[in-house]
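What follows is calculated from the coordinates using simple rules that are stated; it is not laboratory data. These numbers were taken from a predicted model, which means no experiment stands behind them. Cβ placement follows ideal geometry from the backbone for every residue including glycine, while neighbour counts extend to all protein chains displayed.
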Amino acid sequence: MADWLETLPAFSVYLVVGLIVGLESMGIPLPGEITLVSGALLSATGVVSPWGVAIGASIGAIAGDSIGYAVGRRGGRPLLVRFGRRFPRHFGPAHLAKAEQIFHRWGVWAVFFGRFVALLRILAGPLAGALHVPYRKFLAANASGGIVWAFGTTFLIYFAGRAAEHWLKDLSWIALGVAVVCGIATTLVIKWRGRRALAVEPALEIATEDTAA
């Protein structure tokens with residue numbers, strides 16, 4: 001992905017990042033996070049601006065989730081079930097049931113933290129619409145989650161890559177390798193924090209039940 005993006009003009013990179021992230025947020029199973037990480041790695045090497053990558057991804061995330069919300073609100077849960085039959089690996093009954101469970105526990109916070117979890121990143125918008133979550137609350141969680149995810153991922157990778165390039169400027173291939181490793185590591189940390197946040201409440205419920213017993 002990074003090799004292909006590198007062949008494009010800078011503005012086209014921002015458009016591609018925003019488009020793929022937006023389509024993923026609408027509910028289409030595309031590699032939005034991989035595209036964002038690839039764009040961020042290019043920004044670390046000076047090919048594009050990290051601000052352009054982050055802004056493009058933010059706009060794509062917010063717009064895509066909003067479109068997905070509208071589709072889910074119009075089609076309801078039956079639409080998600082039919083979509084799941086077409087893409088069982090991404091929207092099967094187990095995926096939908098898990099996402100609904102998280103939504104019922106967390107409400108709009110599932111939209112915010114869902115930006116860092118692959119399953120909810122695809123389902124958050126359509127599912128929020130199908131469950132008739134108030135749009136104002138949805139938009140606030142959607143916008144804040146999208147901006148934190150896009151800017152946090154981009155600039156963590158950007159600064160890690162720039163630091164590696166500064167210290168290893170005479171060994172550019174090693175700098176690139178370090179940038180890639182740092183980029184993957186920071187992305188995994190962000191995803192781990194999102195999963196941990198979503199797992200807090202179920203863990204507390206289990207502890208409470210054990211204490212009561």
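At a glance:
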quantity: Pair Gln101, Ile34: separation of 7 Å Cα→Cβ label points (nm); calculated: 2.8 nm
quantity: Förster radius 22 Å - calculated FRET efficiency between Arg136 and Arg74 (Cβ-Cβ, nearest 0.05); calculated: 0.75
quantity: Fewest-first ranking of Glu100, Glu33, using other Cβ atoms within 10 Å as the exposure measure; calculated: Glu100, Glu33
quantity: Two-site FRET efficiency, Val81 against Val47, from Cβ-Cβ distance with R₀ of 35 Å, rounded to 0.05; calculated: 0.25
